[in-house]
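Rule-based calculations on the coordinates, nothing more; no lab input. Computed from a predicted structure; not experimentally measured. Because the Cβ atoms are built from the backbone with ideal geometry, glycine has one as well, and the counts that use them run over all protein chains shown.
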Amino acid sequence: MKVSLIVSDIDGTILPAGCGQDGKRSDGPGVSDGIERLGRLIREWGLPFTLASGRPLDMMDTLGDLLGVTLPMVACNGAAAGKRNRLLWNERLLTAQVRAAIEYADHLGMAVIATDGSDEIVYRQNEYTKSHSENGSWVKTWRPATEEDWGGWNIQKLLIIDPDSPGRVDEIIEKLERGQEYGAAMSILRYDDRGIEVMPGGCTKGMGVKRLADNLGIPMDEVMVLGDNKNDIDMFREAGLCAAVFNAVPVLKEEADYISCSQWVYGVIEALETLVIPQLYSEHPAQRQTNRKR
């Protein structure tokens with residue numbers, strides 16, 4: 001198939017847990033060499049490559065720059081897209097809808113992380129969030145103190161995790177569903193018995209990628225996507241070609257056209273070299289000769 005757009009997830013697909021955007025870890029080398037190799041592959045072949053993530057855009061820019069990404073990126077699981085300060089869209093949750101769920105989850109001792117346009121904000125630090133802050137994630141803490149604070153809080157994505165009691169997230173989903181009375185739709189993704197993600201209505205990675213492809217004038221059957229987790233499933237179902245890295249969850253592998261033998265960024269490189277580069281070799285013999293000389 002013709003590949004006119006390549007979209008990759010970040011966390012778990014390009015970066016393993018504990019890595020910064022540059023692929024380095026505080027306790028070891030990480031995958032920085034893989035980031036360098038992927039960036040070189042993208043630049044040498046002029047691959048139409050971009051990123052789709054649950055992260056806000058500001059937390060994607062460094063990796064995007066290292067990889068040489070020039071296309072808009074999809075952020076917050078489809079709630080926003082753009083590059084630097086140039087936004088294609090920027091959807092938000094209605095705070096009144098999610099307030100009861102946030103306060104109840106906090107009351108139960110769950111981890112509540114709200115993603116705005118630039119950062120991931122922890123509602124209240126607990127042992128679970130502190131364990132992640134040691135790796136540089138979930139460092140910023142803030143809670144609305146007034147009604148004005150609540151009304152002005154820009155939330156693009158809400159992550160709620162129960163580290164102690166599997167199954168209680170169903171109670172949080174019930175609170176969220178009651179919030180639908182305010183009229184705005186929500187997208188709720190249940191990972192397992194411990195965690196959920198909440199986005200504005202219609203905002204998923206799959207819809208974000210489709211919206212980006214439409215904006216670029218590219219049909220979805222010419223889009224390749226790469227991922228590792230459950231929130232990539234609808235993205236896989238929307239695209240013409242999908243590849244899962246070796247460390248992907250089984251349910252995503254079932255949706256994949258190709259499963260890499262390597263994990264993380266090395267699996268992404270493998271998929272591109274297997275599925276995309278051979279096509280470019282046959283289409284552009286001059287480029288083939290240029291790359292052979294390198």
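Tabulated values for the structure
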| read-out | value |
| --- | --- |
| Relative packing of peptides 47-56, 66-75 - highest average C-beta neighbours within 10 Å first | 47-56, 66-75 |
| Dipole of the chain, positive end: most advanced residue of Phe246, Met186, His132 [Cβ charges, Cα centre] | Phe246 |
| Cα centroid of region 204-259 to Cα centroid of region 163-200, whole Å | 23 |
| DSSP-defined beta bridges in the chain - what % are antiparallel, rounded to 5 | 60 |
| Charge dipole magnitude, Cβ of K and R +1, D and E -1 - region 61-128, Cα centre, debye nearest 20 | 280 |
| Positive dipole terminus of the chain, leading residue within Ala145, Leu159, Ala213 (C-beta point charges) | Ala213 |
| Relative contact order %, the chain, counting alpha carbon pairs below 8 Å whose residues are six or more apart | 19 |
| Computed label-point distance, nm, for sites Thr141 and Ser4 using a 7 Å Cα→Cβ extension | 5.0 |
| Contour excess over end-to-end distance, with Cα ends at Glu148 and Thr274 and 0.36 nm allotted per residue | 40.0 nm |
| Cα point-scatterer Debye curve for the chain, base-10 log of I(q)/I(0) at q = 0.07, 0.08, 0.15 Å⁻¹ | -0.27, -0.35, -1.17 |
| Given charges at beta-carbon only (K, R positive; D, E negative), |dipole| of region 95-200 in Debye | 100 |
| Computed over region 53-119: relative contact order in percent, which uses C-alpha pairs under 8 Å that are six or more apart | 35 |
| Likely footprinting exposure, Cys242, Cys76, fewest C-beta neighbours within 10 Å first | Cys242, Cys76 |
| Cα-centre dipole for the chain with unit charges at Cβ (Lys and Arg positive, Asp and Glu negative), debye to 20 | 1040 |
| Length-normalised contact order of region 95-200 in % [C-alpha pairs under 8 Å, at least 6 apart] | 31 |
| Residues Leu15, Leu94, sorted so that the one with the fewest Cβ neighbours within 10 Å comes first | Leu94, Leu15 |
| Residue exposure sequence - Ile218, Ile10 - by fewest surrounding Cβ within 10 Å | Ile218, Ile10 |
